[in-house]
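Everything below concerns the one structure shown next.
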Amino acid sequence: MTNIQSKPTNAKQWLAYIEAQHPTAIAMGLDRVAAVAKNLQLKPTFPIITVAGTNGKGSTCALLSQVYIEAGYRVGCYTSPHLMRYNERVRVNNDEISDDDLCTAFEAIEQARGNIALTYFEIGTLAAMWHFCQAHLDVVILEVGLGGRLDAVNIFDPSCSIVTTIDLDHMDYLGDTREKIGFEKAGVFRKGALAICGDENPPQSLIGYAEEVHAPLCLINHDFSVKKTTQHWQYLAEDFELTLPNLAMHGDFQLNNAACVVCATQYLNNVLPVSQPNIHAAFQSVTLIGRFYQVQSQPTVIVDVAHNPHAAVSLAHNLQMTPCAGKTFAVFAMLADKDIEGVIQVVALNIHQWFIADNHSPRGAKAFDLHQKIIKNDPKSVVNAFADVSSALISACKIATKNDRIIVFGSFYTVADAMNTILQSGIAK
């Protein structure tokens with residue numbers, strides 16, 4: 001800060017300030033953020049679980065956090081991006097950080113960074129950890145923002161690491177093959193700390209990295225597995241079996257995330273003991289807005305942040321497994337740098353009519369471009385274009401009958417805009 005008048009005085013001002021501190025939104029590398037962490041003397045004494053992956057990170061963090069909360073621990077959880085408020089990113093026992101504490105944390109980072117330029121995410125990561133270090137916690141869960149090896153979260157050494165899935169996304173930064181991306185995500189592994197991978201076909205680069213850094217590696221369908229029954233599902237490992245109730249979250253793919261959580265909690269059980277009832281209670285209670293989350297019924301409105309083909313496969317599967325008596329309308333907006341056509345191809349067979357919109361984030365795609373890609377995939381598609389997600393959702397709600405459903409998807413921004421519209425307009429019944 002150059003003068004006292006420029007100093008932010010509230011959370012909104014601080015967020016605007018930190019967003020302007022670096023010329024690019026993403027700047028890979030750890031040297032700058034590590035230097036500021038050293039100035040802050042950030043030396044966490046609690047166990048850390050780091051979660052990376054293309055999809056499934058948020059669900060895994062939420063499940064992990066709730067298991068430890070059920071066991072009576074004080075749990076810090078740092079995730080990104082947020083839907084409605086920045087404060088969602090920093091939680092202690094599911095309680096969002098207050099505006100006052102957020103401002104205090106940003107002030108501490110500002111004083112420590114001096115002339116070092118940090119990105120929005122880097123400042124946020126340091127602020128979260130600074131807050132956690134003041135809060136006398138028992139365990140902290142950190143979600144990687146992008147990749148793993150060069151992500152700001154990775155300056156903190158985990159006691160256990162999870163890579164949920166590996167697929168093609170953020171290719172400008174992580175590489176254009178699963179092998180390259182797997183290597184970047186495996187960068188969160190540490191010597192002597194358990195590395196867990198929930199991808200059913202892990203790249204050899206991930207396996208090789210674990211071997212190189214001497215991180216013991218547990219792979220799904222090799223070291224542990226999932227068996228689904230009609231009423232329950234089972235976690236199976238060589239020396240441990242656990243029968244669990246169905247998850248509150250929709251989608252069989254969530255069982256792989258839950259299995260990674262069980263694997264991690266069993267590994268850390270000597271340090272952070274949890275009981276089977278703790279796991280049962282957590283898995284039956286956790287839902288996440290934006291992960292096939294139903295907002296209302298008659299007509300059903302579901303929001304899902306699916307923003308790449310891998311996530312779209314899960315969305316399409318959920319739609320097929322929960323058929324409705326009427327039609328399915330899509331309220332759809334995406335970021336321009338995502339595989340828009342790949343998402344459309346996966347989901348299109350489940351959609352009767354599209355309500356597409358401009359995405360007004362800096363990286364947002366225009367409705368015109370979405371329209372072109374939808375028609376290219378299916379020339380007979382019925383497509384309605386709107387200036388924004390709110391208009392698209394309101395129009396879909398006017399047309400839909402009580403037997404229809406509306407699925408809002410394409411990005412975190414899309415879901416956030418929809419949720420704001422629902423809260424402000426009273427669409428939800």
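The values are calculated or read from the model by the stated rules, or taken from the named source; none is laboratory data. Given the structure is predicted, the values throughout are model-derived calculations rather than measurements. So basically every Cβ, Gly included, is an ideal-geometry build from the backbone, and we count neighbours across all protein chains shown.
Hey, does region 161-180 have a residue that's more than 21 Å from Val36 (Cβ to Cβ), in contact (Cβ under 8 Å) with a residue 12 or more places away in the chain, touching a Leu at 6+ places or on another chain (Cβ under 6 Å) and crowded, with 18+ Cβ neighbours inside 10 Å?
no
Take the residues in region 18-71 that are in a loop (DSSP other than H, G, I, E, B) and among the hydroxyl-bearing types (Ser, Thr, Tyr); name whichever of them is modelled with the highest pLDDT. Before the answer, list the steps.
Of the residues in region 18-71, the ones in a loop (DSSP other than H, G, I, E, B) are 20-30, 41-47, 53-56, 71.
Retained after the next criterion (residues that are among the hydroxyl-bearing types (Ser, Thr, Tyr)): 24, 45, 54.
Details: Thr24: 66, Thr45: 95, Thr54: 92.
Filtering first and then ranking leaves Thr45.
Select, from Ala367, Ala392, Ala387, Ala336, the only residue that is in contact with a helix residue (DSSP H, G or I) (Cβ under 9 Å, 6 or more places away or on another chain), closer than 19 Å to Ala311 by Cα and either in the same structural domain as Val313 (by TED's automatic domain parsing) or crowded, with 24+ Cβ neighbours inside 10 Å (or both). Give the derivation first.
Numbers: Ala367 fails: closer than 19 Å to Ala311 by Cα; Ala392 fails: closer than 19 Å to Ala311 by Cα; Ala387 fails: closer than 19 Å to Ala311 by Cα.
Result: Ala336 is the single residue among Ala367, Ala392, Ala387, Ala336 that is in contact with a helix residue (DSSP H, G or I) (Cβ under 9 Å, 6 or more places away or on another chain), closer than 19 Å to Ala311 by Cα and either in the same structural domain as Val313 (by TED's automatic domain parsing) or crowded, with 24+ Cβ neighbours inside 10 Å (or both).
Does Gly187 satisfy the condition of being in the same structural domain as Asn201 (by TED's automatic domain parsing) and at pLDDT 95 or above?
Numbers: in the same structural domain as Asn201 (by TED's automatic domain parsing): yes; at pLDDT 95 or above: yes.
Judged against the criteria, Gly187 is a match.
Looking only at residues that are of a type in the set (Val, Ile, Thr) and surrounded by 20 or more Cβ atoms within 10 Å (Cβ to Cβ) in region 185-225, which one is nearest to Ala264 (Cα to Cα)?
Looking only at region 185-225, we keep the residues that are of a type in the set (Val, Ile, Thr), and these are 188, 196, 207, 213, 220.
Applying the additional criterion that residues be surrounded by 20 or more Cβ atoms within 10 Å (Cβ to Cβ) yields 188, 196, 220.
Values: Val188: 15, Ile196: 8, Ile220: 12 Å.
Ranking the candidates gives Ile196 first.
Going residue by residue through region 231-241, is there one that turns out to be without any contact (Cβ under 8 Å) to a residue 12 or more places away in the chain and closer than 23 Å to Ser314 by Cα? Show your work before the answer.
Initial filter on region 231-241 (without any contact (Cβ under 8 Å) to a residue 12 or more places away in the chain): 234, 239, 241.
Of the ones still in play, those that are also closer than 23 Å to Ser314 by Cα are 234.
Within region 231-241 (the criterion being without any contact (Cβ under 8 Å) to a residue 12 or more places away in the chain and closer than 23 Å to Ser314 by Cα), the answer is yes, since at least one residue qualifies.
All but one of (1) of a type in the set (A, V, I, L, M, F, W, C); (2) touching a helix residue (DSSP H, G or I) at 6+ places or on another chain (Cβ under 6 Å); (3) in a loop (DSSP other than H, G, I, E, B) hold for Ile289, so report the exception by its number.
(2)
Restricting the search to region 94-119, which residues are surrounded by 15 or more Cβ atoms within 10 Å (Cβ to Cβ) and either in contact with a strand residue (DSSP E or B) (Cβ under 9 Å, 6 or more places away or on another chain) or aromatic (Phe, Trp, Tyr) (or both)?
Once the filter is applied, which keeps residues that are surrounded by 15 or more Cβ atoms within 10 Å (Cβ to Cβ) and either in contact with a strand residue (DSSP E or B) (Cβ under 9 Å, 6 or more places away or on another chain) or aromatic (Phe, Trp, Tyr) (or both), region 94-119 yields Glu96, Ile97, Asp101, Leu102, Ala105, Phe106.
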